[in-house]
Each structure stands twice: as C-alpha cells, then as structure tokens.
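Engineer: Input: one structure, supplied below.
Quick note: the coordinates plus some simple rules give every number you see, no bench work behind them. Computed from a predicted model, the values in this text were never measured in an experiment. Using ideal geometry, Cβ is built from the backbone for each residue, glycine included, and neighbour counts are taken over all protein chains shown.
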Amino acid sequence: MSWVKCPPSIPLLGNQLRERAGISQEKLAEHVGVSKGQIQKYEYGKDKMNTDKLQRVADALSVSVQEFFATGEDVLPLAVSEKLLLDAYRSIPNKEIKESILKITTNATRHDDKE
C-alpha cells in the first residue's frame, strides 16, 4: 500500500471539495471507512492518507484524485452536477432562453439569501 505525502493543498482542497459536495465529515468518514476524527486529521494535514483512502475520498466527493493536487493558481474543478448544468446551458441555441435561465438562477440565489 502506498502512502501519499500530502502537499499543503490537499487538506485545504479536501475540506473545500467536501463542503462543495455537501457531504459532512461523518458521511465522508462512513464512505472511506474511518472515523470522523480521522477525516479531521486528513483535512488539517495532521495525518498521511494512503492511496486507497485518497481514492475513496475522491469517489465520495465525485472528483478525480488529481484535483487534490491543484496548486494555488488552479481553479477548483466543477462538480459533476455543475458540469452537466454548464454543458446543458451551453448547448441551448436560443439566446433568449439562455437569458431567461440566467435571470431565474440569479433570482433564485437572491431569494435564498433572504431566508
């Protein structure tokens, strides 16, 4: 079994990717087969993670392992659902429909802020 010497980006990206995926530390721990405390140690960079566990974390978050090794200049990758939404939006040929969708999503985010 290989152990991954985590670059500084892994703890930070792991936390960001987990939060973006909407998965709690508890749920991630269940998927990976470790305790919540162990997930916290991974996220804070306190423990090394073997490659098997890194793959399990990536699977749970629907990202590739490579995304944990992004540098500060890299942009966080899109989640699968975000990519599907973006691809669908880009394939709409009608400009007016695109503008309507943009208005709907913009208004939806404003509505959520008020609640």
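Engineer: In nanometres, what is the gap between the two model label sites at ASN50 and GLU26, each 7 Å from Cα along Cα-to-Cβ?
Structural biologist: 2.7
Engineer: Return LYS27, LYS103 ranked ascending by Cβ neighbour count within 10 Å, so the fewest neighbours appear first. Intermediate results must be reported in sequence, preceding the final value.
Structural biologist: Details: LYS27 15, LYS103 10.
Fewest-to-most ranking of LYS27, LYS103: LYS103, LYS27.
Engineer: Give me ARG18, ARG56, ARG90 sorted ascending by neighbouring Cβ count inside 10 Å, so fewest comes first. Intermediate values should be presented prior to the final figure.
Structural biologist: On the way: ARG18 21, ARG56 17, ARG90 8.
Going from least to most buried by this count: ARG90, ARG56, ARG18.
Engineer: Which length gain, in nm to one decimal place, applies between VAL80 and ILE101 when the Cα-Cα distance is subtracted from 0.36 nm times their residue separation?
Structural biologist: Details: separation 21, 0.36 × 21 = 7.56 nm, distance 1.94 nm.
My answer for the length gained is 5.6 nm.
Engineer: If the cut-off is 22 Å between C-alpha atoms, which lysines fall inside it for LYS83, apart from same-chain ones fewer than 8 positions away?
Structural biologist: In chain and number order, the partners are LYS95, LYS98, LYS103.
Engineer: Another question, then. Hey, fewest Cβ within 10 Å first, where do ILE92, ILE39 land in order? Before the final figure, lay out the partial values.
Structural biologist: Numbers: ILE92 12, ILE39 27.
The most exposed by this proxy come first: ILE92, ILE39.
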